[in-house]
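S.K.: Here it is, the structure in full.
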Amino acid sequence: MKRIVVNSLPLKDVINDIAKALDTEFVQKCDQFILSVPEHYGRGEIMGVNFKNNMGILIYNCEFKEDFEIQFVIKEVHPLKFLFCLEGTLEHKFAEDDHRHSIVQYQNAIVSSSKHNGHILCFKKNQKTIFYSLEIDRLNFLEHYQCEIDSLSDTLQHLFRDEAADNVFYYDGFYSLELATLFTEIQEFQHGSFLKKTFLEGKSYEILTKQIIQYEDDLKNESKRTLLRISEIKKVREAIILIDTDVATYKNLKVISATVGLNQSKLQYGFQYFFKQTIHQYIQNKRLEQSKVLLIQQENSIADVMFLLGITSRSYFSKLFRDKYGMTPSYYRDNFKKIIDNKK
């Protein structure tokens, strides 16, 4: 295992210490510091950016040829860290504790060491790892947000106000779909250093905001949580498949929620996020799309189509169809060829 020690703050000095340990140099673009991992150690890069109010972000996008450990050791209070693993697996350990926390893909953690005790980050060999570390110097940060901190939960208030790092804090969970969207936007941004810094600064505050919202959502009972985690998207996809393949059976939110194992609030949130409509609206539209296919199959009567789609009221079906397509189901079926010819 390759071990290196970082004895410095702020982020420029962190990058500088890592560069020295790897016997390489880093590139500085104003307040952005970029280190390319030397080929004999692996590949990728580590970037640090300083912002105002003593907040900064470290972005690790690298793969090492052997297990790689970074020990953050300084005789000062360490920053409050918000960690997000986008790819691979990261291990975190407090210097005064032997227990290792595994942070897997789509997982996040809020960590604060006690006193001058540091942090140790471990990367697994031959595994691409992408993770973000949002870092806050609480003493200086509080000078600008002293009053606003009062609006947070008691736990977060104590965490941000613990300027002397009297307490150890560790929390992990799976980050939200909204956070995942922010990370994608950051990865896709390709402009120069001025725009890059202003963009990253804005997104860093958004990350902090979304993380706090997610943490407070995590404190709720599972059935009361409303934020959809990136790890739960597959359950929304399962719900979509259920509806698309059997809209007659899966026409009830409660049934779909129980079938895929995701609470109703999160499921609704997923459909609003991806389709900008409720599950009920999605089901209605899917029924109407399928009804057009079924209606042109001459062996199907209107009653047959209704049965196949799980609709019990003919007047209700006619109203839905007319509102969406401007004609009744009967007119569409009887005049299908003429309607298609007129569109050509």
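S.K.: Carbon and sulfur together cover what percent of the accessible area of the range 243-306 at a 1.4 Å probe radius?
M.R.: 51 percent
S.K.: Ok, one more. Over 10 Å intervals from 0, what percent of Cα-Cα pairs in the range 12-156 sits in each interval?
M.R.: 11, 39, 37, 11, 2
S.K.: Whole number in Å², please: accessible area per residue of the range 55-191, 1.4 Å probe, ligands, DNA and RNA not counted.
M.R.: Solvent-accessible surface per residue comes out at 42 Å².
S.K.: Separate question: With +1 on each Lys and Arg Cβ and -1 on each Asp and Glu Cβ, how big is the dipole of the range 1-112 about its Cα centre, in debye rounded to the nearest 20?
M.R.: 280 debye
S.K.: Let me know the Rg and Dmax you get for the range 22-103 when you use only its Cα atoms, in Å.
M.R.: Just the Cα atoms of the range 22-103 yield Rg and Dmax of 14.1, 38 Å.
S.K.: Same structure again: Which trypsin sites (Lys or Arg not before Pro) does the range 39-70 hold that lie in a coil by DSSP with at most 15 other beta carbons within 10 Å?
M.R.: Filter output for the range 39-70: Lys65.
S.K.: In deg cm²/dmol, rounded to 500, what helix-only [θ] at 222 nm does the chain give when every DSSP H run of at least 4 residues adds -39500 (n - 2.57) and the total is split over its residues?
M.R.: -13500 deg cm²/dmol
S.K.: Using amide H atoms built in the peptide plane, which far-off residues or other-chain residues are under 5 Å from Asp67 H to H?
M.R.: Lys2, Lys125
S.K.: Hey, what's the per residue convex hull volume over the C-alpha atoms of the range 187-344, in cubic angstrom?
M.R.: 166 Å³
S.K.: Take the cross-link list Lys254/Lys292; Lys235/Lys266; Lys2/Lys93 and give me the ones stretching past 20 Å between alpha-carbons.
M.R.: Lys254/Lys292
S.K.: Taking amide H positions as placed in the peptide plane 1.01 Å from N, state which residues far from Leu228 in sequence (5 or more) or on other chains have amide H under 5 Å from it.
M.R.: Leu177
S.K.: For the range 73-198, give the percent of accessible area contributed by carbon and sulfur heavy atoms, probe 1.4 Å, rounded to a whole number.
M.R.: Answer for the range 73-198: carbon and sulfur cover 49 percent of the accessible area.
S.K.: Using θ = phi - 60° and the Karplus relation 6.51 cos²θ - 1.76 cosθ + 1.60, list the HN-Hα couplings for the range 15-27 in order, rounded to whole Hz, with x at every Gly or Pro.
M.R.: Values per residue, Gly and Pro as x: 4, 4, 5, 5, 4, 4, 5, 9, 6, 9, 10, 10, 9 Hz.
S.K.: So, one more: Counting only protein chains, not ligands or nucleic acids, how are Leu195, Leu267 ordered by accessible area (probe 1.4 Å), most first?
M.R.: Largest accessible area first, the residues go Leu195, Leu267.
S.K.: With no solvent and one point per C-alpha, what does the Debye sum give as log10 I(q)/I(0) for the range 240-280 at q = 0.26 Å⁻¹?
M.R.: The Cα Debye sum returns log10 ratios of -0.92.
S.K.: Quick one: work out Rg over Rh on the C-alpha atoms of the range 118-243, Rh as Kirkwood radius.
M.R.: That ratio is 1.00, to two decimals.
S.K.: Each residue of the range 47-63 in order: what ³J(HN,Hα) in whole Hz does its phi give by Karplus 6.51 cos²θ - 1.76 cosθ + 1.60, θ = phi - 60°, with x for Gly and Pro?
M.R.: Computed from phi, the couplings for the range 47-63 are 10, x, 9, 8, 10, 6, 6, 6, 10, x, 9, 10, 10, 9, 9, 8, 9 Hz.
S.K.: Let me ask something additional. Using only the Cα atoms of the range 122-162, what do you get for the radius of gyration and for Dmax, in Å?
M.R.: Both quantities, over Cα of the range 122-162: 15.6, 46 Å.
S.K.: Then there's this: Could you give me D for the chain, from Stokes-Einstein at 10 °C and 1.306 mPa s, where the hydrodynamic radius is the Kirkwood radius over C-alpha pairs? Units µm² s⁻¹, please.
M.R.: 68 µm²/s
S.K.: Another question, then. Heavy atoms only, 1.4 Å probe, whole protein assembly: order Met55, Met327 by accessible area, highest first.
M.R.: Listed by decreasing accessible area, they come as Met327, Met55.
S.K.: Hey, another quick one. Using DSSP to define loop residues, name the trypsin sites (Lys or Arg not before Pro) in the range 159-246 whose beta-carbon has at most 15 other beta-carbon atoms within 10 Å.
M.R.: When the trypsin sites (Lys or Arg not before Pro) of the range 159-246 are filtered for loop state and at most 15 Cβ neighbours within 10 Å, Lys220 remain.
The values are calculated or read from the model by the stated rules, or taken from the named source; none is laboratory data. Just so it is clear, the model here is predicted, and its values are computed rather than measured. Please note: Cβ atoms are built from the backbone with ideal geometry, for glycine as well, and neighbour counts cover all protein chains shown. All accessible areas refer to the heavy atoms of the entire protein, side chains included, with ligands and DNA or RNA removed. Shrake-Rupley method; radii C 1.70, N 1.55, O 1.52, S 1.80 Å.
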